[in-house]
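In what follows, a structure is listed as C-alpha cells, so that the remarks can point back to it.
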Amino acid sequence: MATTVADLPPDAASPSTGKSERIDGRHLRSERTKRLIIEAYLALVRESSPRVPTAAEIADRAGYSVRSVFERFPDLQALRVAATDLAITEAKANYTPRDLDADRATRLRKQVEIRGRGCDQWLPMWRVLNANSAGSSELQDRIRLTRSLVLKRIEMVFQPELSTLSEADRSRTIFAIEALTDFESWARMREFFGLSFDEACAVWVRAIDRLLPPTPDNAS
Amino acid sequence: MEAVLPSSPSPKTPRIDGRRLRSERTKQLIIEAFLALVREDPKLPTAVQIAERAGYSVRSIFERFPDLNALRVAATDYGLAQAAALAPARNVDGDRKTRIESQVETRAQTCERGIALWRVLLNSQDESDELKLRVRRARETTIARLELMYKPELSTLGEPERRDMLIALEALVDIESWARMRELHGLPYDEARLVWTYTIDRLLPATPAAKM
C-alpha cells in the first residue's frame, strides 16, 4: 500500500518549492514509514511472542506492501535490530531513575514498580530477542546492553546500601538482585504462580529488602 | 527352581528380545546424539545432523520417533532423569551453612550440565504441550528441593511470606541466573557458587534454635 498524503507529517503534505525541501520531505516520509513498520512489528510481537511475525504479517499490520518493508530493511533481522533499538530507547526514556535521594522504602517500591511495568511491557520483545539472538552479534550486543542498563540502575538506586559492602559482597548483591528481577523471573510470577502485578511487586520488594544491608544513617 | 526351567530356550523369545534390545539401544544412541549436538550448539539439531551423529540413517530416527518433537520429549525425559539421578539431596539435616553449601553445590552442577538442554527446551516449549509440562515439572522439582533443604527456615514463615520466599529463591537459583554469572559476568565456578551461598544466606530468615 502506498503512503497517502493523509499519512504524511504536516510539513510533507504541503507542496515543496525547492530541491532540499523535496529531499527532506521524502526522507521524512521514509522515516515515518520505517517507524510505522517497526511499530507494527512490535505490536505483532506482543500478540504472538515468541513466534516471530512474517514479513507479510508486518506489512499487512503496518498498511504497506512487503516490498516497502524490504526497501527500508534489508532483511527481517535488520528490522528486529531496529525494533530492539527503539524498545531500548523508549525503555530508557520511560524508566529514568527518579527519587534517588528518597528513603529506602520509597526507592525500593519505585524501583520494583518501574521494573515490573517494564517487564510487563517488554517481555514479549525480550523473548523474541533471546530466541533469535543465536548467530546474531547485533542482537547479542543489545541483550548485553539491556542487562548492563539494568545492573547500572540497581547500582544507582541502591547506592547507599551497596556502599556499605565490600567490593565482593557488593557485586554478589547486585548479581542477586539482577537475577531476582530478571524478565523471566517476573514472567514466572505472573504466568506460573499466577500473581497479580501488586503481589509480584510485593515478592520483589520483600526479597530485595532482605538482600540489601541496612541503610547507612545519612541516607535512610 | 532351576528344575522347572525349560531345558532349552524357546527359539522365538530371545530373537524378539534381542531385536527389542537393539531397537532400545538405537533409540538411546539417537537421544544421546541429540543431547550431544544441543550441548555443542544450543539450537535444535536437524534430523540429518542427529542421524549423522548417531551413525544411523534419517529413516532409522523416524522409525523410532514419529517426529522430531517426540525425540525432543524423549531427550528431555532422559536429561531430566539424569539430572535428578546426579543431584540427590544431601545434608538435609545439616546446620544452616552446610545445607546452603550443599544445595548450592548440587544446583550449580545441575546448571553446568543442563543449561544447553534447558535453553532448547524453553525455546521449543511453545510448540509442544508435552515440553511445556516438562518445563513446569522441572521448576516444581527445583522448588520442592528448596522446600526440603530450607525447611527449618521456611517453617518460621507464615503465608504468603513462605510462598514469596520460595519464589525469590527459585528466581535466584534459576539456571539462566547461573548461566549469566558464568557467561556474561565471567565468574569462575567457585565465585558463582559464592554469590548464591552469600545471597541465599541473606534471603533466608533466621534458623530456629534447634536447627542452627
Only one of A:GLU155, A:GLU138, A:GLU191, A:GLU178 that is in a helix (DSSP H, G or I) and without any contact (Cβ under 8 Å) to a residue 12 or more places away in the chain: A:GLU191
A:SER148 being free of Cβ contacts under 8 Å to residues at least 40 places away in the same chain, hydroxyl-bearing (Ser, Thr, Tyr), closer than 17 Å to B:ARG180 by Cα and more than 8 Å from every other protein chain (Cβ to nearest Cβ): yes
Matching option when the condition is crowded, with 16+ Cβ neighbours inside 10 Å, under 20 Å from the mean Cα position of the chain (by Cα), farther than 20 Å from A:LEU180 by Cα and charged (D, E, K, R), among B:ARG99, B:ARG137, B:ARG113: B:ARG113
Helices (runs of 4 or more DSSP H) contained entirely in region B:10-122, each with at least 3 residues that are under 16 Å from B:ARG145 (Cβ atoms): B:68-86
Qualifying positions in region B:148-196 - surrounded by 19 or more Cβ atoms within 10 Å (Cβ to Cβ) and either touching a Pro at 6+ places or on another chain (Cβ under 6 Å) or hydroxyl-bearing (Ser, Thr, Tyr) (or both): B:TYR150, B:PRO152, B:GLU153, B:SER177
Residue tally, condition facing chain B (nearest Cβ under 8 Å), under 22 Å from the mean Cα position of the chain (by Cα) and acidic (Asp, Glu), over region A:172-215: 3
Qualifying residue in region A:78-92 (condition: in contact with a Ser or Thr (Cβ under 7 Å, 6 or more places away or on another chain), surrounded by fewer than 18 Cβ atoms within 10 Å (Cβ to Cβ) and β-branched (Val, Ile, Thr)): yes
Residue match in region A:132-142 (condition: small (Gly, Ala, Ser), surrounded by 17 or more Cβ atoms within 10 Å (Cβ to Cβ) and within 22 Å of B:TRP118 (Cα to Cα)): yes
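Coordinate-derived values only; no laboratory data. Since this is a predicted model, take the numbers as computed values, not measurements. Because the Cβ atoms are built from the backbone with ideal geometry, glycine has one as well, and the counts that use them run over all protein chains shown.
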